[in-house]
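Remarks on the structure that follows.
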Amino acid sequence: MAHLADAIAFVRVSQRSLSNLDVAYEEESFLRKGLASLDAVYTEIDMASIALSKPVRR
């Protein structure tokens with residue numbers, strides 16, 4: 001999970017840098033979509049790991 005979080009952070013910094021440039025609108029848009037997808041995957045993995053770590057009740 002730490003590697004995925006690091007990758008998201010690197011992409012987020014790149015997106016913020018591009019957001020300051022008027023000429024990179026399309027690239028920034030793609031980065032925003034990619035970040036949203038990465039965040040969704042990260043959340044799904046996180047939620048699944050939490051669910052797996054809970055004891056099973058019978």
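The values are calculated or read from the model by the stated rules, or taken from the named source; none is laboratory data. All figures in this text were calculated on a predicted structure; none of them were measured in a lab. Please note: Cβ atoms are built from the backbone with ideal geometry, for glycine as well, and neighbour counts cover all protein chains shown.
Values computed for the structure shown
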read-out: SER37 at pLDDT 80 or above, in a helix (DSSP H, G or I), more than 15 Å from the chain's Cα centre (by Cα) and among the small types (Gly, Ala, Ser); value: no
read-out: Scan of the stretch 6-29 for residues that are among the hydrophobic types (A, V, I, L, M, F, W, C), surrounded by 12 or more Cβ atoms within 10 Å (Cβ to Cβ) and closer than 27 Å to ILE45 by Cα, ordered by number; value: ALA7, ILE8, VAL11
